[in-house]
Amino acid sequence: MTPEVKAFFDDATNTVSFVIKDPNSASVAIVDSVLDFNFSNGRTDTTSADEVIAYVQANGLKVEWILESHVHADHLSAAPYIQEQVGGKVGIGANITIVQDVFGKVFNEGSEFQRDGSQFDKLFVDGDTINIGTMKVDVMHTPGHTPACMTYVVGDAAFVGDTMFMPDFGTARCDFPGGSAEDLYASIQKILTLPDDTRIFVGHDYKAPGRDEFAWETTVAEQKALNVHVGAGKPEEEFVKMRSDRDAQLAMPKLIIPSIQINMRAGQMPEPEENGEVYLKVPINVL
């Protein structure tokens, strides 16, 4: 089965959100939504999410799932806002509990912050299946970038989040807490066992040098042959060394402080304080 895929590119964070439609019904899933955030003044904006919602409503679509590929460190999830507007269940990998435990400590969240994933409607494990209308979705656990990364395989399409990018840009960093270059290599090999003509939809694009346009769709065959980090049969040892050396030179994502605090709560803000206002924490000399 070939799902219909509509992409929405967020210039501010280079994030690609997807609406996956069952060709035999009005049922859809939304993958990796974006809530706009201005860090300089602490203001949120729903422009990006409203674009997705407008598309859903204009086409009479039924949102069954709002899927997260992982806890993003570079943008805020709009899952609660989208759910409020058009419905759908929010799902993420079951290892969200690991992320919540690690970053619950980083941000000193206290015992009131639940670390059991209960903020989400569904926690997926490897091998789970769900449906979008008549389409079956196979859920693959693909850790490495984070412990909770999932790939959603829908017919001839795979939504890989940050596990890998376009072939000319390579793969995701592995230096966040719980990340592992060895795990990422194994996860990518798992994805590359899918049929060669499987369409791969990536969660970000940064326009590799020499490419003029943003892109987010490739294939398993193209990744096998051309991915600059793992293509052409590069061995694990070479990949792990490259990834480790490269990650040591990368700065933290600009929005990691707000993103993690909100995304580990399924996109919900922290509870308001006694004055009725919501606050985020900035740990000093920790990340």
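The values are calculated or read from the model by the stated rules, or taken from the named source; none is laboratory data. Since we're looking at a predicted model, the values are computed, not measured. Backbone-built Cβ (ideal geometry, glycine too); neighbour counts: all protein chains shown.
Got at least one residue in segment 31-47 being touching a strand residue (DSSP E or B) at 6+ places or on another chain (Cβ under 9 Å) and among the small types (Gly, Ala, Ser)? Yes: segment 31-47 contains one or more residues that are touching a strand residue (DSSP E or B) at 6+ places or on another chain (Cβ under 9 Å) and among the small types (Gly, Ala, Ser).
When segment 252-267 is examined, which residues are found to be among the hydrophobic types (A, V, I, L, M, F, W, C) and at pLDDT 95 or above?
Across segment 252-267, the qualifying residues are LEU255, ILE256, ILE257, ILE260, ILE262, MET264, ALA266.
When SER69, SER33 are checked against the criterion of being in contact with a Cys (Cβ under 9 Å, 6 or more places away or on another chain) and at pLDDT 95 or above, a single residue qualifies: SER69. The single condition among (1) out of contact with any Gly (no Cβ under 8 Å at 6 or more places or on another chain); (2) free of Cβ contacts under 8 Å to residues at least 40 places away in the same chain that LYS224 does not satisfy is (1).
In the set GLY210, GLY178, GLY170, only one residue is under 19 Å from ILE92 (Cβ atoms), surrounded by fewer than 22 Cβ atoms within 10 Å (Cβ to Cβ) and out of contact with any strand residue (DSSP E or B) (no Cβ under 6 Å at 6 or more places or on another chain); that residue is GLY178.
Among the numbered criteria (1) buried (at least 20 other Cβ atoms within 10 Å of the Cβ); (2) farther than 24 Å from LEU250 by Cα, which one does THR146 miss? Going through (1) buried (at least 20 other Cβ atoms within 10 Å of the Cβ); (2) farther than 24 Å from LEU250 by Cα one by one, THR146 breaks only (2).
Residues checked against (1) surrounded by 18 or more Cβ atoms within 10 Å (Cβ to Cβ); (2) among the small types (Gly, Ala, Ser); (3) in contact (Cβ under 8 Å) with a residue 60 or more places away in the chain:
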{"position": "PHE8", "(1), (2), (3)": "yes, no, no"}
{"position": "ASP11", "(1), (2), (3)": "no, no, no"}
{"position": "VAL19", "(1), (2), (3)": "yes, no, no"}
{"position": "ASN24", "(1), (2), (3)": "no, no, yes"}
{"position": "PHE39", "(1), (2), (3)": "no, no, yes"}
{"position": "LEU76", "(1), (2), (3)": "yes, no, yes"}
{"position": "PRO80", "(1), (2), (3)": "yes, no, yes"}
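Residues checked against (1) modelled with pLDDT of 95 or more; (2) within 12 Å of the chain's Cα centre (by Cα); (3) closer than 21 Å to VAL19 by Cβ:
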| position | (1), (2), (3) |
| --- | --- |
| ASP138 | yes, no, yes |
| HIS141 | yes, no, no |
| ALA148 | yes, yes, no |
| ALA157 | yes, no, yes |
| VAL160 | yes, yes, yes |
| LEU184 | yes, no, no |
| SER187 | yes, no, no |
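Put simply, of ARG173, ARG211, ARG265, ARG243 the only residue that is in contact (Cβ under 8 Å) with a residue 40 or more places away in the chain, over 27 Å from ILE20 (Cα atoms) and either part of a loop (DSSP other than H, G, I, E, B) or of a type in the set (Lys, Arg) (or both) is ARG243. Candidates in segment 32-88 are the residues that are part of a helix (DSSP H, G or I) and among the aromatic types (Phe, Trp, Tyr); of these, the one that is farthest from LYS254 (Cα to Cα) is TYR55. Selection of first residues in segment 119-141 that are of a type in the set (Lys, Arg) and of second residues that are assigned to a strand (DSSP E or B), restricted to Cβ pairs under 7 Å at least 6 apart or on distinct chains, gives the following pairs, ordered by first then second residue: LYS122/LYS89; LYS122/GLY91; LYS136/THR129.
Annotation note: of GLU238, GLU273, GLU217, the sole residue that is charged (D, E, K, R) and either exposed (fewer than 10 other Cβ atoms within 10 Å of the Cβ) or in contact with a Pro (Cβ under 6 Å, 6 or more places away or on another chain) (or both) is GLU273.
Can you tell me how many residues within segment 230-287 are β-branched (Val, Ile, Thr) and more than 29 Å from PHE39 (Cα to Cα)?
2
GLY60 meets all of the listed conditions (1) surrounded by fewer than 23 Cβ atoms within 10 Å (Cβ to Cβ); (2) in contact (Cβ under 8 Å) with a residue 60 or more places away in the chain but one, namely (2). Restricting the search to strands (runs of 3 or more DSSP E) fully inside segment 106-158 and requiring at least 3 residues that are under 19 Å from LYS6 (Cα atoms) gives 135-141, 150-154.
Going by the conditions given, is ASP32 crowded, with 23+ Cβ neighbours inside 10 Å, under 30 Å from PRO177 (Cβ atoms), touching a residue at least 12 places away in the same chain (Cβ under 8 Å) and of a type in the set (D, E, K, R)? So ASP32 passes the test.
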